[in-house]
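To start, the structure itself, in structure tokens.
Bear in mind these aren't lab numbers, they're just calculated from the coordinates by the rules spelled out. Since this is a predicted model, take the numbers as computed values, not measurements. With ideal geometry, Cβ positions are generated from the backbone for all residues, glycine too; neighbour counts draw on all protein chains shown.
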Amino acid sequence: MPLSTPKQLMPVPRSQPGGRHTNESTRPIKLVTPLPAREGWDERQVISYETSPNERAVVEAIASRAGSTWTVFIVDASQPTLEKRAAQIELLFESLRPKGYKRESFADRKPEPLDEAHIAEIKKFVETSMQELGIPGVSIALIDGGKIVHLAARYSSKELGELDVLNKDGVTTFDFGEWKNAVASRKNDDGTISFITIDPTNGGFDFVVGERDGKRVLIIRDGQHEYVLTETS
């Protein structure tokens, strides 16, 4: 049902025997709920209509706009039927696409590399989101083509000294000078990213990626102490 505005549907007619609709009796609007725009639709909303308890009915109009044209999906069903067929109805609604829409595909498309400009843009987005949402801290690790691209080149700690981050042939190594070890990334249950030493002779050290005072840090904990290595370059 193409419309210039979803208000043309308000109020929706009451259904008659046989599923027919007439304009003789209409239902008042109960609630209008906006939905996220997606799959080619510029705007979507669900319009719920009032029903009496005795009817045991659900009446909704799901309106989707593409350009200046609205397409409306009407649901007029008894509660038991809707509960039984809810999955099929949702699948039908979510399958609706505007005319001429083609889903974006990244198949056979080469991704752009994560250069300094892209990384700076991502950091700016994260910092802005933290301020708007009141998030005190986050940890970020970016991996491009199997290589870690968002670790600083060098970290420093008063207790542990200098740590150089080396990347060669797709392998990342943490180098303390007298001691160095290859590392692998891991996503932790709390959403943070860790780099774990994988050399059997010195394995098991856990470096948690974080950010403090606007600088990248690596955090090591041994149960009683916390050591923070802060980026220097």
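Quick rundown of the values:
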{"quantity": "Relative contact order %, the stretch 116-231, counting alpha carbon pairs below 8 Å whose residues are six or more apart", "calculated": "20 percent"}
{"quantity": "At R0 = 25 Å, FRET efficiency that the Cβ-Cβ distance of residue 103 and residue 29 yields, to 0.05", "calculated": "0.15"}
{"quantity": "Note, ³J(HN,Hα) from phi for the stretch 111-117, Karplus 6.51, -1.76, 1.60, rounded to Hz, x at Gly and Pro", "calculated": "x, 6, x, 7, 8, 4, 5"}
{"quantity": "Neighbour cut-off at most 15 other Cβ (10 Å), DSSP loop, GluC sites (Glu not before Pro), the stretch 162-218", "calculated": "178"}
{"quantity": "Residue order, fewest to most surrounding Cβ atoms within 10 angstrom, among 105, 48, 129", "calculated": "105, 129, 48"}
{"quantity": "Long-range HN-HN contacts of residue 74 with modeled amide H, under 5 Å", "calculated": "62"}
{"quantity": "Residue 143 long-range amide H proximity, modeled H, under 5 Å", "calculated": "149"}
{"quantity": "For residue 26, residues with placed amide H under 5 Å, excluding near neighbours", "calculated": "14"}
{"quantity": "Reach of residue 187 by Cα under 26 Å, taken over lysines that are not fewer than 8 positions away in the same chain", "calculated": "110, 123, 124, 147, 168, 215"}
{"quantity": "Charge dipole magnitude, Cβ of K and R +1, D and E -1 - the stretch 116-231, Cα centre, debye nearest 20", "calculated": "120 debye"}
{"quantity": "Residue-wise HN-Hα coupling along the stretch 213-220, computed from phi with Karplus coefficients 6.51, -1.76, 1.60 (Hz; x: Gly, Pro)", "calculated": "6, x, 10, 6, 9, 10, 10, 10"}
{"quantity": "Sparse-neighbourhood loop sites, chymotrypsin sites (Phe, Trp or Tyr not before Pro) in the stretch 41-138 - DSSP loop, at most 15 other Cβ within 10 angstrom", "calculated": "101, 106"}
{"quantity": "Stretch gain in nm, segment residue 121-residue 199, where the contour uses 0.36 nm per residue and the Cα spacing is subtracted", "calculated": "24.6 nm"}
{"quantity": "Gain upon complete extension [residue 212, residue 158; 0.36 nm per residue less C-alpha separation]", "calculated": "17.8 nm"}
